[in-house]
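Worksheet for the structure shown next.
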Amino acid sequence: MNQQQTFDFGWGEMLDKEKEVKAKEAVEKVVKKKKAAKPMTREEMLTKWKEILSNPKNSAKDQERLKETFEAWKAEEIFPQTPKLSKAEALRMYARLAEMRKGEKLRKMVEETPDNYHLIQNEEQLDWVCELWDEEQEAVGLDTETDGLDIVHGSNKMVGLSISFPTKDQHVYIPVRHDEGVQLSPEYVMQKLKRFIADKHKPKVLHNARFDAHVFSMEGVRLRGIKMDTMIAMWVLNENEASYRLKDLANKYAKFLGVKAENDTFDQLFGKNTPFNQVGLKYALVYAAKDTALTVKLANFIDQQLNRKELKKIRSLYYELENPLLDVCIDMEEAGFLLNHDKVDSIREELYKDKEELEAKLIAEFGDINFNSPQQLQEVLYDVKKYPDVSGKRSTDKQTLKKLAEQFKPVQLLLDYRKATKLLSSFIDKLPVLVKSTGRVYGQFVQNATATGRFASKEPNLQQLPPKARTIFKAPNGFVIIGSDFSQIEPRVLAHITGDEELRKPYKEGYDLYSTLAARTFKVPIEECGDGSKYRKMMKVGLLAVMYGTSMFTLANQLEITVEEAAKFIDDFYDAYPKVEEWIRSIHQQVKRDEYVETMFGRKRRFPNHKQYAEVYDELAAEICRRLGTKRLPSNIWDNEFKDVLPYDLKRRFQNVKGKVERVRRQAVNAIIQGSAADIMKRAMLNLSELAYKYADEGWKVLATVHDEALLEVPATITKEQTEEIEAAMTGAATLEVPLKVDVAFMREWGNETKKNEWFAAA
DNA sequence: CGGCTGGGCCAC
DNA sequence: AAACGTGGCCCAGCCG
């Protein structure tokens, strides 16, 4: 009773205070406005400037802009348009200043247009371009300009294209859909240029060719003969590049390309959201032709780098794997996934019903708050309901809520609500909006987005659909989606790479991996480690922990055992499979020495500056072990039992590098395993793509890859032999010391699997 | 209103 | 003092 009263009082008081503050703020606002109405004198403004500039809260970027604007103001280059001066107003001044200077830049650019840049506006000029292209022996630079990014059956179109001919050093821009100016029609231009663009023997270099390929596709021409995509090649060369935008690369490597490091992006020159069709032709020429000229230079630079003998493996990785894979990527993006509208409707109806019911119950239980707000949820759970803070961070994530739900039933409602709303907001309500006139959703597969070599997918990300969301995609009538996935690819790579014969055994002899591992590690009969047994379950988590470098703390948490038990578990595993630990340690040594690691197919992941930290780490770790008289680091150096043996300063210095070094070590080990698996998958994708071309007449398409799985769309009449060809395409991707295994499933709707033998039994 | 960050969560 | 690798994306909340 007493507590209740106190609580009510506190709450009410808080509300009153909030009101008071708001009222005060409102008054202040009015006062400020009145003040601002009077024009400021120059002295007043100077004072204000100093005040604004001395605000320590300004971001570095803002501060730079403010200073620049202040200088311009002092030089009377710009005047404030309103009589008041504030940080916001100063930043607006900066925008106007930038606008003014941008205009200057553009004017200057046009004035300095090189005389080997040509605007192509009539048939005669286009004939000249064709002549140039006929005579060209080198790879031309090619680029398209569009009025937006929605290009695969979307709303945006090619506005013009630029071509650089390196032999004669001539650069052209061909406008076709600009708002103003003399232009040839896109149909005419494409008709004339098709024989070059579609010719695989006419080499081209592009920056982000995937994009241009789609643009050309929508004009009815398939881009062939991509000799190099400088964006992807640059990524293979250096996966740590801060930006892969052409202008950023050109500026960064300017001196190697023999250009000035003054290449502005489109946004910087023309302003954000300016559609290219509104750009005047003479501006378009100098901007677009420069792009292809830069691309040619960048391509030459990259190829030179790839010729270095220490990059031999990288060279073949690019030219023999990544570059041909670009075509597969383009195919996948143009294939798309067919949406089943009826299925969307039924799932949506069901989920909305769930959501509403849950909402009603939640409001009754927790009050009318926004259950998607961690902030509001925190208050209700920990202040109002006074639930125990099991995470120690007032966390409201799934793991925490799960724990709370054991004790407090209504918390389960929150978990259910999250699940339903996540499914709705991210997938069921989102994907149908993206459907094009073809009835399909087209996601992107990005080749240069990961540090390990995997594909990434976006807009929408087709690699993160939960099982339920997958079912809204279907095969067209008479077709079936085939899911072909590598079984346990990463453990197999581990078995191959570590050279551990015991680890290879289950694969060679056809036993279940996890059961075998569990029996050996826990020293129990294999009969006790069958499917669903606790040993097998633990082993699955344990092996993942080994490959990801999970700490004993986290592993203990996951398995709901003590840290000591977790450490014993992993020790026992290493005892049973000593080569695994040996290999991991050798990788730690290697990454310390080389600052990079390599996958099976020579893909590199670099860790710049790791060496210096690793040296400190190893030194201090040795010192700690020496003082403790142990061989291995303790899991917690801060433990009280070491208080007298380990000086604080030693612990502090070690702590400084510990996180950094151990993170790199985990990443290095994982990059080899995950990256090798990615290499294998990419090689498989090439094989599958060839197969799809072989059966192109029947309508075969490669739809997607989800890391260890490939998806194809094929006629439902597919034969057993053809299915075996798919399997062979995958297993033939690499020869390992253990066999590769592939599981094939048949799906009328994605995710709804029929196994191979059932499928053919039914047919 | 758009950009950004943090918390959270989906996939492999 | 911090605890598992690779990604993309949603919402809330804040800022200018």
Problem - Peptides A:542-550, A:179-187, A:567-575 ordered by average Cβ neighbours within 10 Å, highest first - result: A:542-550, A:567-575, A:179-187
Problem - region A:92-217: radius of gyration and largest Cα-Cα distance (Dmax), Å - result: 16.3, 53
Fill in the blank from the handout: Across region A:237-346, qualifying lysine pairs (alpha carbons under 25 Å, at least 8 places apart or different chains) come out at 28
Practice task
Starting from the Cα of residue A:741, draw a straight line to each of the lysines and keep only those under 22 Å, dropping any in the same chain fewer than 8 residues away.
Solution key: A:505, A:508, A:537, A:540, A:682, A:720, A:755, A:756
Problem - Eligible lysines near residue A:74 by straight Cα distance, threshold 18 Å, same-chain separation 8 or greater - result: A:48, A:50, A:84, A:87
Handout entry: region A:557-571 and region A:714-732: distance between their alpha carbon centers, rounded to Å
Key = 43
Problem - Those lysines that a straight Cα-Cα span of less than 28 Å connects to residue A:651, excepting residues fewer than 8 apart in one chain - result: A:393, A:568, A:592, A:611, A:631, A:643, A:660
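What translational D, rounded to a whole number of µm²/s, comes out for region A:304-398 from Stokes-Einstein when the hydrodynamic radius is the Kirkwood one over Cα pairs, at 10 °C and 1.306 mPa s?
Rounded, D is 83 µm²/s.
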Problem - Rg and Dmax [Cα atoms of chain A; Å; Rg one decimal, Dmax integer] - result: 31.3, 94
Problem - For region A:377-456, the fraction of alpha-carbon pairs in successive 5 Å shells from zero, as % - result: 3, 12, 15, 13, 10, 11, 12, 10, 9, 3, 1
Practice task
Report the GluC sites (Glu not before Pro) located in region A:545-638 that are in a DSSP loop and have at most 12 other Cβ atoms inside 10 Å of their Cβ, or state none.
Solution key: A:560
Fill in the blank from the handout: Note on region A:75-175, DSSP bridge orientation, antiparallel percent to nearest 5 equals 80
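Read-outs throughout are calculated quantities, based only on the coordinates presented, and are distinct from any laboratory measurement. Predicted model, so just to flag it, every value in this text is computed and none were measured. Please note: Cβ atoms are built from the backbone with ideal geometry, for glycine as well, and neighbour counts cover all protein chains shown.
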